[in-house]
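The block underneath contains the structure these notes are about, expressed in structure tokens.
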Amino acid sequence: MFDGAGLVALAQRVTKPAHLVAHERDGALGLSERPVPGAVGTVPALYPEWLGDQSFTEAHDVRFPYIAGEMAHGIAGVDLVEAMARAEMLAFLGTAGLGLERLDRELERLRTRLAGRRNWGVNLIHHPDDAAMEDAVATRLLRAEVPKISLSAFLDITPAVVRCAASGLRTDATGRIIRRTALFAKVSRPETAELFMSPPPAGLVRRLVDSGEITEEEGRLVSRIPVADDITVEADSGGHTDGRPLVSILPAVLSLARRKSPGVRVGAAGGLGDPAAVSAAFSLGAAYVLTGSVNQMSLEAAVSDEAKAMLAQAGVADVAMAPAADMFELGAKVQVLRRGTMFAGRAARLHQLYLEHPSLESLPAATRDSLEREVLGAGLDEVWQRTEQYWAQRRPSELTRARTDPRHKMALVFRWYLGNSVTWAVDGTPGRRNDYQLWCGPAAGAFNTWTAGSFLAEPGGRAVTQIARNLLQGAAVLTRVHQLRALGARLPSDAFDFRPRPLV
């Protein structure tokens, strides 16, 4: 085949070798499905399983180098994690925003449903203002013997991280250190990556040994290995993001790993919404890929159908930055869906009022009235009562501070809106559609563009495993097509267009 649909079909048939042949008249290179006399070369078969670093699949008992990442408030929930595990892939339960009682229930469900499997995991997110909560979550993950833990939002190594890294360490007959719990660290900066590529700080290890939180042997062993064996480099993504392009940050961390800790695997996340992006990540050297935004649209995602429908309409530019609930007073931001919701603008207004006024009482009457009607949907006094009830159970020290710091009280009231906007989206709360906070990066728009007109464009077809398999299959096709083009084959542009299809 030298042109047309036949040439495209041969180029995209990645699980069979492709033989390069020269046209007898002009020497143009085409493809043959079988060896022929005068063939000038052969490109071997390529399977999606072979993308990335095969030590990843071996280490984590999976078939594919692919992870469905944690999504907070249980959006990446038990159903999603189970579906990925049974499809020989990996996913992490999103624990941020879950109470401890619910976390215990979810862990028990996972342990029951996935008994005997080790290709599943749970997220441990950093709590910069609540070390007790961080430690409590870590304790539960270790007690439940969660096989894999994804560490996210950490800027430094904390006691909870070291406990997760050290607990259950042992050596085999050859002296090799064996981890009971595999640790992944999600980072967006080389300096943070380096912390996780290194052994934990000696002083912190000693403190944990002296307090009895890890054994002397565990302390000795953890001091000989990196904190994490897998580093996930997160580029421009939904939620908290530094907004860095993958083509810049991933090579920097890969270079660091080669110099600092060659045994550490480095994966890619952020902006992976179509096969071209996934293929590019592997071409840059990623050992594995991790997706997030696209999985919110899956059947298994624990978010309302209305929210999924809104995400399904997103384009690559339909996102915005908005104040983050957990770091509101610091001015940190998260990337969210802009199309179909007014959350980003309303949240920005709250932060501006926080900057301009010293207290709720100082707000002009007209501003106060507008805020209650157009944003909060309730009176400020009523919102404060609900806020008091929440913090009285969660962390009473916040209320103590608010009684002497009017600005902090104002921040807590405004954070009530930011926090509840996620719950409203998850639950599909009637009358709150304009306030949905949906963490979303440009990958969602790329996914919608790629899947338009295919079975993955239909809500009923968006199984999380089908999203994963098609992204990987498409990445394998594009990898093959680029190989053929680099060798001189004249391929039409259609060869670069992998259309989604049901895969088994």
Query raised in the report: Of the residues that make up region 193-202, is at least one touching a Cys at 6+ places or on another chain (Cβ under 8 Å) and within 29 Å of V336 (Cα to Cα)?
Result: no
Report summary line: Subset of region 295-315, residues assigned to a helix (DSSP H, G or I) and open to solvent by less than 20 Å² (accessible area, probe 1.4 Å), comes to N295, Q296, M297, A307, M310, L311
Query raised in the report: So which of L272, L330, L299 ends up being touching a strand residue (DSSP E or B) at 6+ places or on another chain (Cβ under 8 Å) and of a type outside the set (S, T, Y)?
Result: L272
Query raised in the report: When you look at T423, is it open to solvent by 40 Å² or more (accessible area, probe 1.4 Å) and over 20 Å from A72 (Cα atoms), yes or no?
Result: no
Report task. Please give the number of the condition R118 fails out of (1) of a type outside the set (V, I, T); (2) open to solvent by 10 Å² or more (accessible area, probe 1.4 Å); (3) under 23 Å from W439 (Cβ atoms); (4) touching a His at 6+ places or on another chain (Cβ under 8 Å). Result -> (3)
Query raised in the report: Since V146 meets every condition but one in (1) buried (at least 20 other Cβ atoms within 10 Å of the Cβ); (2) touching a residue at least 40 places away in the same chain (Cβ under 8 Å); (3) not hydroxyl-bearing (S, T, Y), which condition does it not meet?
Result: (2)
Report task. Could you identify the single residue in R373, R401 that is of a type outside the set (S, T, Y), open to solvent by 40 Å² or more (accessible area, probe 1.4 Å), under 21 Å from M327 (Cβ atoms) and free of Cβ contacts under 8 Å to residues at least 24 places away in the same chain? Result -> R401
**Report entry** Filter result for the condition that a residue is of a type outside the set (K, R), buried (at least 17 other Cβ atoms within 10 Å of the Cβ) and either modelled with pLDDT of 95 or more or closer than 16 Å to Y436 by Cβ (or both), over P364, P323
**Finding:** P323
Query raised in the report: Pick from region 282-294 the residues that are of a type in the set (S, T, N, Q) and either closer than 15 Å to A443 by Cβ or without any contact (Cβ under 8 Å) to a residue 12 or more places away in the chain (or both): which of them is surrounded by the fewest Cβ atoms within 10 Å (Cβ to Cβ)?
Result: T291
Report task. Check region 228-248 and report whether any residue there is closer than 20 Å to R176 by Cβ, at pLDDT 95 or above and among the hydrophobic types (A, V, I, L, M, F, W, C). Result -> yes
Query raised in the report: Does any residue of region 382-394 turn out to be more than 35 Å from the chain's Cα centre (by Cα) and either in contact (Cβ under 8 Å) with a residue 60 or more places away in the chain or open to solvent by 30 Å² or more (accessible area, probe 1.4 Å) (or both)?
Result: yes
Requested in this report: Show the residue pairs that are 6+ apart or on different chains and have beta-carbon atoms under 6 Å apart, the first residue being within region 461-474 and in contact (Cβ under 8 Å) with a residue 40 or more places away in the chain, the second being among the acidic types (D, E).
Outcome: V464/E300
Query raised in the report: Just wondering, is there one or more residues in region 179-195 that are open to solvent by less than 20 Å² (accessible area, probe 1.4 Å), in contact (Cβ under 8 Å) with a residue 60 or more places away in the chain and under 21 Å from V426 (Cβ atoms)?
Result: no
Query raised in the report: In region 290-347, what count of residues is obtained for those that are over 25 Å from D274 (Cβ atoms) and over 21 Å from the mean Cα position of the chain (by Cα)?
Result: 9
Query raised in the report: If you take the residues in region 333-361 that are part of a helix (DSSP H, G or I) and in contact with an Asp or Glu (Cβ under 8 Å, 6 or more places away or on another chain), which one is least open to solvent (accessible area, probe 1.4 Å)?
Result: F343
Query raised in the report: Where in region 200-262 are there helices (runs of 4 or more DSSP H), lying fully within it, with 1 or more residues that are crowded, with 18+ Cβ neighbours inside 10 Å and in contact with a strand residue (DSSP E or B) (Cβ under 7 Å, 6 or more places away or on another chain)?
Result: 216-222, 246-260
Requested in this report: Specify the residue that is farthest from L337 (Cα to Cα); the eligible residues are those in region 449-465 that are of a type in the set (S, T, N, Q) and open to solvent by less than 20 Å² (accessible area, probe 1.4 Å).
Outcome: S454
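The values are calculated or read from the model by the stated rules, or taken from the named source; none is laboratory data. Note that the structure is predicted; figures quoted are calculated from it, not measured. Positions of Cβ are generated from backbone atoms using ideal geometry, with glycine treated the same way; all protein chains shown enter the neighbour counts. Surface accessibility is based on the protein's heavy atoms, side chains included, excluding ligands, DNA and RNA. Shrake-Rupley method; radii C 1.70, N 1.55, O 1.52, S 1.80 Å.
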